[in-house]
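Only one structure is covered here, and it is reproduced in the block below.
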Amino acid sequence: MPVRLGRLKQRADFLRVAGTRRKTAVAGLVLQGAERPVTDKTAEADIGLGFTVTKKVGNAVIRNRAKRRLRAAAAEIMPRCAKPAHDYVLIGREGTLSRPWADLKSDLELALRRLDLWRSVDQETSP
């Protein structure tokens, strides 16, 4: 069964994930993760994703470009590597735009491993 990705759009969801204080920073991004509450309205999706880039990184055009890169990397990596029933917030950094694509994807994988939110192959095959 494929993993479904949902979006975090409300500020309360971003604050809930940040409130767990479970985060790691790598060269291309910052990843925050939190287990999804049982009564969450986004339960139809297996993984909730939120994206943000601060004004320190640049103007709106640059921030949107960074978010597009983060969304593309997450679409490739998260369905097969991230633990389901969790919410994730990816925060863009200055290096998000200049980082080579392969390095940005490996940064996301490394961040998942550091937070112990990596889904191993054993977890995929178990019922």
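Take the range 70-101 and flag every residue that is assigned to a helix (DSSP H, G or I) and surrounded by fewer than 20 Cβ atoms within 10 Å (Cβ to Cβ). Spell out the reasoning first.
Here is the first cut: in the range 70-101, the residues assigned to a helix (DSSP H, G or I) are 70-81, 95-98, 101.
ARG71, ALA72, ALA75, GLU76, ILE77, PRO79, ARG80, CYS81, GLY95, LEU97, SER98, TRP101, listed by residue number.
Would you check if ALA82 is closer than 27 Å to PRO2 by Cα and modelled with pLDDT under 95? It would help to see each step written out before you state the result.
Working: closer than 27 Å to PRO2 by Cα: yes; modelled with pLDDT under 95: yes.
When the stated conditions are applied, ALA82 passes them.
Residue-by-condition table, conditions (1) without any contact (Cβ under 8 Å) to a residue 40 or more places away in the chain; (2) within 23 Å of SER106 (Cα to Cα); (3) outside any helix (DSSP H, G or I):
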position	(1), (2), (3)
ALA12	yes, no, no
THR24	no, yes, yes
ALA34	no, yes, yes
GLY48	no, yes, yes
ARG65	yes, yes, no
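The values are calculated or read from the model by the stated rules, or taken from the named source; none is laboratory data. Note that the coordinates shown come from a computational prediction; the quantities given were computed from them, not determined experimentally. Using ideal geometry, Cβ is built from the backbone for each residue, glycine included, and neighbour counts are taken over all protein chains shown.
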